[in-house]
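Note sheet for the following structure.
The values are calculated or read from the model by the stated rules, or taken from the named source; none is laboratory data. Keep in mind that this is a model prediction, so the values were computed, not measured. No Cβ is skipped: glycine too gets one built from the backbone with ideal geometry, and neighbour counts run over all protein chains shown. To get the accessible areas, we keep the full protein, side chains included, count just its heavy atoms, and leave off ligands, DNA and RNA. Shrake-Rupley method; radii C 1.70, N 1.55, O 1.52, S 1.80 Å.
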Amino acid sequence: MPNAATPPPERPQNAVLRPEVATREAELTPRADVTRVPPPWRVAIENVQPEIDAGRFPIKRIVGDRVVVEADVFADGHDAVSCWLLYRREGAASWSVERMQPLRRDRWRAGFDAPISGRWSYTVRAWPDRFATWLRALEAKRDDDQDVDVELRIGAEILRTAAEHPDALEPETASEGRDPAAAEAEARRLRNAADDLEGELALDRKLEVARDPALAALVERRPDPDRVVTFGRRLGVWVEREKARFSTWYALFPRSCSNEPGRHGTLRDVESRLPDLAQMGFDVLYLPPIHPIGRTRRRGRNNTPQALPNDPGSPWAIGSSEGGHTSVHPQLGTLEDFGRLVEKARGFGIEVAMDLAFQCSPDHPWVREHPEWFRMRPDGSVQHAENPPKRYEDIVSLDFDTPSWQALWETLAGVVEFWCAAGVRIFRVDNPHTKPFAFWEWLLDRIKKVHPDALFLAEAFTRPRIMCRLAKLGFSQSYTYFTWRNTKSELQRYLSELTSKPLSEYFRPNFWPNTPDILSETLQFGGRPAFMTRLALAATLSPSYGIYGPAYELCEHHPREPGSEEYLGSEKYEIRVWDLQRTGNIRDFIERMNAIRRENPALQDLRNLRFHEVDNEHILAFSKRTDDFSNVVLVVVNLDPHHVQSGWLRLPLDQLRIEPEQPYQVHDLAMGARFVWSGARNFVQLDPKRTPVHVFQILPRVRHEEDYEHFA
């Protein structure tokens with residue numbers, strides 16, 4: 001299992017110094033056989049950010065991101081401080097360094113780029129800068145017309161002492177040490193500068209030597225080694241590929257992809273859907289489990305306890321005599337067919353995501369071969385899965401408390417490695433909160449070390465602290481409570497939480513308006529406008545979102561029974577035949593929203609989200625922008641699927657870099673219309689039966705009077 005990070009080989013900052021107390025005068029005389037006690041620390045390093053749980057867990061970033069680090073660094077008295085950021089990718093032989101720059105009130109900042117995925121480490125090192133302190137005092141005395149002859153001699157002493165010290169960062173930045181000749185050349189320059197300060201040069205020339213920035217930079221890195229302080233922890237950052245932040249998911253059941261009623265769909269049939277999914281703008285195709293399905297206690301249609309002979313059963317009841325977690329259901333095809341699908345999808349810019357469900361049917365080969373991995377009841381039967389009062393008798397849970405846990409863990413890791421070898425790099429993990437935290441930390445670390453491009457989505461609809469813990473352990477993305485956040489106040493509160501630190505440093509949401517398990521009340525009663533509204537919210541609020549289709553684009557809204565979130569005729573228990581062109585579908589709207597996401601980088605981030613004031617509780621308005629303001633998007637959504645809503649929107653013009661006295665263009669990307677606005681307050685109105693959302697791109701101000709006629 002992964003160990004906690006250990007600090008670089010320096011004395012801990014909070015070490016307790018215990019010099020022996022001399023009781024006789026003779027004992028005060030240093031002796032060669034007595035170990036020298038280093039002096040106490042003079043520099044404090046505090047409040048290093050970003051840091052998750054005192055460095056216990058890494059933050060998350062994307063390849064190409066700049067990792068910005070800040071720290072409070074100060075010394076006692078009035079001494080100047082030199083402060084450095086150290087960073088490296090895991091496994092690298094050497095550290096890189098970046099000088100931290102002072103902000104205000106002893107706060108320092110520096111950053112580094114992470115161009116390669118994998119785990120990176122960073123920490124902070126500092127020491128009193130004796131030369132900078134001396135130079136500051138020298139300048140003050142010169143300004144006061146004081147004699148500085150003694151000060152120049154002190155400066156010469158500092159330079160000669162520095163010449164004898166090694167580079168304080170050298171052990172961290174070179175695996176084999178520096179060229180001795182280069183080190184000696186630097187030392188010689190310091191000694192020559194010291195001679196100049198004490199020599200026969202004119203005072204102005206001596207001051208010119210002292211003020212040389214190159215000399216200051218050289219001596220800065222050669223402090224007294226006993227005064228160097230390193231922050232007591234190496235902090236971590238998981239750097240993942242872009243799809244960890246920005247992805248568009250589509251879930252479907254392969255067995256329902258047949259165009260012939262009564263025929264079980266295959267993986268080859270899924271290939272026929274790829275052009276359509278690419279056209280709609282999806283780049284991740286998520287498949288529920290594709291493994292053999294058990295027959296013991298198989299569930300029937302609509303989750304009835306008794307299955308009819310032709311009922312296919314739930315794909316999550318994994319395992320039969322035909323194989324388990326590394327097998328493909330025979331009616332779907334073969335492992336070769338799966339590999340072909342992965343390759344074909346890649347040609348359309350789509351990645352296939354594998355469902356990782358660590359549970360079994362009673363018929364799974366593991367139940368027979370490794371009964372010690374399952375919890376047995378007093379009557380000798382295997383304990384089935386349950387969440388009282390719900391019972392899942394077609395599924396038995398793995399016992400992670402088994403004395404044979406190590407063999408179980410290794411086997412489950414082998415499952416992930418098997419599918420990685422088959423070309424899978426994205427895994428949607430079913431109910432990870434029901435397995436040990438320690439297992440996930442071990443497994444994710446193991447897989448990512450070999451496959452740093454592997455991504456894991458946690459399907460954990462559970463308590464907030466558990467969801468956060470899973471994200472800290474290494475899950476790339478997480479399902480969220482978005483499905484049940486519908487009102488303006490609910491959405492604003494929830495998104496404000498997701499975009500605030502420290503949560504935003506490690507938790508990446510993936511918004512799903514529906515799933516095979518969840519048909520929300522809003523979708524049941526809101527009609528087609530509700531499906532459009534919820535998709536628009538998911539697609540523009542979160543950089544990653546997904547839908548379970550074709551149910552979503554066809555606006556399937558019938559629950560199994562009143563008060564239930566289960567679909568009537570759920571694909572979890574039966575094969576469906578879908579008419580993808582059915583009247584009332586929202587496929588064109590989905591395609592347009594996904595195109596808007598691709599074309600506007602502002603929508604591909606989460607932490608840039610800002611809500612704006614609208615004097616109507618049924619209208620939600622928010623904006624996103626890139627750091628350089630080259631792309632600014634304003635989204636206005638009618639949350640009421642039944643009625644036209646209107647109101648006055650107020651924009652913070654200064655935050656959006658809009659000149660208050662100048663008109664500016666807004667291009668509605670969802671409807672294709674263009675408008676000219678002026679000032680902070682503008683009127684908006686949305687008819688949900690036409691379109692419930694404006695997605696405005698804010699453009700530079702109108703430059704010529706004649707341009708107005710184009711936006712009438």
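Laid out as a table, the results:
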{"item": "Pair list, Cβ < 9 Å and 6+ apart or interchain, from the stretch 657-681 residues that are on the phi > 0 side of the Ramachandran plot to residues that are of a type outside the set (Gly, Ala, Ser) and open to solvent by 80 Å² or more (accessible area, probe 1.4 Å)", "result": "Gly679/Pro660; Gly679/Glu661"}
{"item": "Extreme residue, farthest from Arg42 (Cα to Cα), among residues of the stretch 55-90 that are in a loop (DSSP other than H, G, I, E, B), among the small types (Gly, Ala, Ser) and over 17 Å from the mean Cα position of the chain (by Cα)", "result": "Ala80"}
{"item": "Matching residues in the stretch 348-360 - criterion: being touching a helix residue (DSSP H, G or I) at 6+ places or on another chain (Cβ under 8 Å) and on the phi < 0 side of the Ramachandran plot", "result": "Phe348, Ile350, Glu351, Val352, Met354, Leu356, Phe358, Cys360"}
{"item": "Test: residue in the stretch 118-127 that is open to solvent by less than 40 Å² (accessible area, probe 1.4 Å), among the small types (Gly, Ala, Ser), part of a strand (DSSP E or B) and out of contact with any Asp or Glu (no Cβ under 7 Å at 6 or more places or on another chain)", "result": "yes"}
{"item": "Meets criteria (on the phi > 0 side of the Ramachandran plot, open to solvent by less than 20 Å² (accessible area, probe 1.4 Å) and in contact (Cβ under 8 Å) with a residue 12 or more places away in the chain) for Gly549", "result": "no"}
{"item": "Flag for Ala93 being part of a loop (DSSP other than H, G, I, E, B), within 30 Å of Pro180 (Cα to Cα), open to solvent by 70 Å² or more (accessible area, probe 1.4 Å) and at pLDDT below 95", "result": "yes"}
{"item": "Test for Glu393: is it at pLDDT 95 or above and open to solvent by 10 Å² or more (accessible area, probe 1.4 Å)", "result": "no"}
{"item": "Selected residue (criterion: farthest from Ala536 (Cα to Cα)) from residues of the stretch 562-577 that are open to solvent by 40 Å² or more (accessible area, probe 1.4 Å) and either under 31 Å from the mean Cα position of the chain (by Cα) or of a type outside the set (D, E, K, R) (or both)", "result": "Ile575"}
{"item": "Members of the stretch 191-238 found to be closer than 20 Å to Arg142 by Cα, crowded, with 19+ Cβ neighbours inside 10 Å and of a type in the set (Lys, Arg), listed by number", "result": "Lys206"}
{"item": "Scan of the stretch 474-488 for residues that are open to solvent by 50 Å² or more (accessible area, probe 1.4 Å) and in a helix (DSSP H, G or I), ordered by number", "result": "Trp484"}
{"item": "Leading residue by the ranking (least open to solvent (accessible area, probe 1.4 Å)) among those in the stretch 343-380 that are closer than 30 Å to Asp276 by Cβ and in a helix (DSSP H, G or I)", "result": "Ala345"}
{"item": "From Ile619, Ile658, residue being surrounded by 15 or more Cβ atoms within 10 Å (Cβ to Cβ) and at pLDDT below 95", "result": "Ile658"}
{"item": "Flag if Arg299 is modelled with pLDDT of 95 or more and assigned to a loop (DSSP other than H, G, I, E, B)", "result": "yes"}
{"item": "Single unsatisfied condition, Arg469 versus (1) under 17 Å from Val693 (Cα atoms); (2) in a helix (DSSP H, G or I); (3) open to solvent by 10 Å² or more (accessible area, probe 1.4 Å)", "result": "(1)"}
{"item": "Selected residue [under 23 Å from Trp484 (Cβ atoms) and buried (at least 23 other Cβ atoms within 10 Å of the Cβ)] from Phe531, Phe589", "result": "Phe531"}
{"item": "Test for Ala140: is it out of contact with any Lys or Arg (no Cβ under 7 Å at 6 or more places or on another chain) and not charged (D, E, K, R)", "result": "yes"}
{"item": "Count - residues of the stretch 80-139 that are in contact with a helix residue (DSSP H, G or I) (Cβ under 7 Å, 6 or more places away or on another chain) and of a type outside the set (A, V, I, L, M, F, W, C)", "result": "6"}
{"item": "Boolean, Thr462 is β-branched (Val, Ile, Thr) and either open to solvent by 40 Å² or more (accessible area, probe 1.4 Å) or under 16 Å from Ala353 (Cα atoms) (or both)", "result": "no"}
{"item": "Subset of the stretch 103-122 (residues that are in contact with a Lys or Arg (Cβ under 8 Å, 6 or more places away or on another chain) and not aliphatic (A, V, I, L, M))", "result": "Gly111, Phe112, Asp113, Ser117, Gly118, Arg119, Trp120, Ser121, Tyr122"}
{"item": "All positions within the stretch 395-438 that are assigned to a strand (DSSP E or B) and under 22 Å from Ser247 (Cβ atoms)", "result": "Ile426, Phe427, Arg428, Val429, Asp430"}
{"item": "Test: residue in the stretch 40-54 that is in contact with a Ser or Thr (Cβ under 6 Å, 6 or more places away or on another chain), open to solvent by 40 Å² or more (accessible area, probe 1.4 Å) and closer than 30 Å to Ser478 by Cβ", "result": "no"}
{"item": "Filtered residue count, the stretch 661-678, keeping only those that are under 34 Å from the mean Cα position of the chain (by Cα) and either more than 19 Å from His694 (Cα to Cα) or assigned to a loop (DSSP other than H, G, I, E, B) (or both)", "result": "4"}
{"item": "Residue within the stretch 650-660 that is outside any loop (DSSP other than H, G, I, E, B) and closer than 25 Å to Glu591 by Cβ present", "result": "no"}
{"item": "Any hit, the stretch 505-523, residues being closer than 22 Å to Glu240 by Cα and of a type in the set (Lys, Arg)", "result": "yes"}
{"item": "Selection status of Arg681, out of contact with any strand residue (DSSP E or B) (no Cβ under 8 Å at 6 or more places or on another chain) and open to solvent by 80 Å² or more (accessible area, probe 1.4 Å)", "result": "no"}
{"item": "Residue within the stretch 684-706 that is assigned to a helix (DSSP H, G or I), open to solvent by 20 Å² or more (accessible area, probe 1.4 Å) and either within 21 Å of Asn631 (Cβ to Cβ) or at pLDDT below 95 (or both) present", "result": "yes"}
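Listed here are the residues, each with its yes/no results for (1) within 19 Å of Gly333 (Cα to Cα); (2) not in a helix (DSSP H, G or I).
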site	(1), (2)
Tyr250	no, yes
Ser258	yes, yes
Leu277	no, no
Phe282	no, yes
Ile290	yes, yes
